[in-house]
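In what follows, a structure is listed as structure tokens, so that the remarks can point back to it.
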Amino acid sequence: MNDLLHRASGYLLLHARLLDRLRFEALFGGGSRARVLDALRGYQNADGGFGHALEPDLRGSGSQPQPVEIAFWLLDELDAFADPMTAAACDYLTGISTPEGGVPFMLPTDAPRAPWWQTDADPPANLNPTAPLAGLLHKHGVTHPWLGPATDFCWSRIAGLDKMQQYEARAVLTFLEHVPDRERALAEFTRLKPAFLAAVSLEPDQPGHVHYPLDFAPEPLRLPLFDTAVLERHLDVAVRDQADDGGWAPNWEMWTPLVQHEWGGYLTVGKLKTLRAYGRL
């Protein structure tokens, strides 16, 4: 086994959630993808949404929009959008959508959560996570009544943007990468490219909770946001930054000890996927 994989395997065995250990086995060790889906199913509620700390910084059992996005990224990596979890999640999104067609960033809750997870009593629709949710459904050819109004909402909000913070920029990029109207997507991408680049840290060792090129492009993009030299530099740094324990650590505040390794396992599998996508594994 490649040394990067071997060391990461040791980290995951010692520290990661069952879900992320099964992901590693399925993606890199010939393991069962059905077992990953079974594990993911345990995070889905009867209303079709996801909770139970699938997003580790939201500790409550109740459904929230953001964990649905995480679930969709996991379904994406397994090419498993035909699973019944997808339609149930879309039904949930329909139920929490605002009249504009999008879903809020977060719903009100009293459950334990990281201090930055706060919202209004009646939160508005937000591109984060509506845009990546819609983008991933388009990528996999899913048809559901939620998707049309959500897509219209995204186009409308994107048309009014001239700058973006990092999470919003990543959300918009996922939508533009996969939405079927390629001419419109390319026009908006071209207009917003300076705003995308302003949300990215090109300096690999910049401290703090910043987002780097590989966070925006964890696999090669159709939309040309970064040149090859930038990506290669950050791939070198990704290899360098594998910790002595074999994992990759988050670069934001760990507000309770458990989330250090819950995030670490999730990110470690993601980092290995990125290195493989660019031919480094």
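Here are the numbers:
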read-out	value
Helices (runs of 4 or more DSSP H) fully within segment 69-160 counting 3 or more residues that are in contact with a strand residue (DSSP E or B) (Cβ under 8 Å, 6 or more places away or on another chain) and modelled with pLDDT of 95 or more	84-96
Residues of segment 206-261 that turn out to be among the acidic types (Asp, Glu) and assigned to a helix (DSSP H, G or I), as a count	3
Lone unmet requirement of (1) in the same structural domain as residue 95 (by TED's automatic domain parsing); (2) surrounded by 18 or more Cβ atoms within 10 Å (Cβ to Cβ) for residue 213	(1)
Residues located in segment 96-112, provided they are surrounded by fewer than 19 Cβ atoms within 10 Å (Cβ to Cβ), under 21 Å from residue 53 (Cα atoms) and not hydrophobic (A, V, I, L, M, F, W, C)	108, 109, 110, 112
Tabulated pairs, segment 31-52, first of a type in the set (Asp, Glu), second in a helix (DSSP H, G or I) and crowded, with 21+ Cβ neighbours inside 10 Å, C-beta under 6 angstrom, 6+ apart or interchain	47/92
Answer from 100, 77, 25 - the residue that is free of Cβ contacts under 8 Å to residues at least 24 places away in the same chain and acidic (Asp, Glu)	25
Sole residue being over 15 Å from residue 83 (Cα atoms), surrounded by fewer than 17 Cβ atoms within 10 Å (Cβ to Cβ) and either assigned by TED's automatic domain parsing to the domain that holds residue 243 or among the β-branched types (Val, Ile, Thr) (or both), chosen from 27, 18	18
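For (1) free of Cβ contacts under 8 Å to residues at least 40 places away in the same chain; (2) over 24 Å from residue 77 (Cα atoms); (3) polar (S, T, N, Q), each residue gets a yes or a no:
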position	(1), (2), (3)
162	yes, yes, no
170	no, no, no
190	yes, yes, yes
217	yes, no, no
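The values are calculated or read from the model by the stated rules, or taken from the named source; none is laboratory data. If you're wondering where the values come from, they're calculated on a predicted model, not measured in any experiment. Heads up, the Cβs are rebuilt from the backbone with ideal geometry, glycines too, and the neighbour counts pull from every protein chain shown.
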